[in-house]
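Shown next, in structure tokens, is the structure this report addresses.
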Amino acid sequence: MKSDTGVCLTQVDEVAGVKVRATHYRLTTLRPNQPRVIADHDLAEQAFAAEVAASKRDPIAVRMADTL
């Protein structure tokens, strides 16, 4: 998922042969936070929604997203 604020939630599958061994989610943002790795799908979606809301309140992140 990607928002207009530059927040991106990406599913990462660890594959062994032809089988998915594990799945986690990577949350990235234009705000000066470190990217986060989250194991649980529901928690990842909640973190994404919270980061989108925080990015909409951050004037620097809004300006950076407008240039994308």
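Given the Cα atoms of the chain, and with Rh set as the inverse mean 1/r over their pairs in the Kirkwood sense, what is Rg to Rh to two decimals?
Details: Rg = 13.5 Å, Rh = 12.6 Å.
Rounded to two decimals, Rg over Rh is 1.07.
Measure nothing fancy, just the Cα-based angle from helix 41-57's long axis to the longest principal axis of the chain, in degrees from 0 to 90, nearest 10.
Around 10 degrees separate the two axes.
Count charges around ASP58 for me, please; just the other residues with Cβ under 12 Å from its Cβ, Lys/Arg as +1, Asp/Glu as -1.
Working: positive: ARG31, LYS56, ARG57, ARG63; negative: GLU51.
Cβ neighbours under 12 Å give a net charge of +3.
For the chain, what does the helix formula give at 222 nm: sum of -39500 (n - 2.57) over DSSP H segments with n ≥ 4, over the residue count, nearest 500 deg cm²/dmol? Can you show the working numbers first?
Details: 2 runs with 25 residues, N = 68.
Result for the chain, helices only: -11500 deg cm²/dmol.
Read-outs throughout are calculated quantities, based only on the coordinates presented, and are distinct from any laboratory measurement. Remember, predicted model here, so these are calculated numbers, not experimental data. Counting neighbours? That spans all protein chains shown, and the Cβs are built from the backbone with ideal geometry, glycine included.
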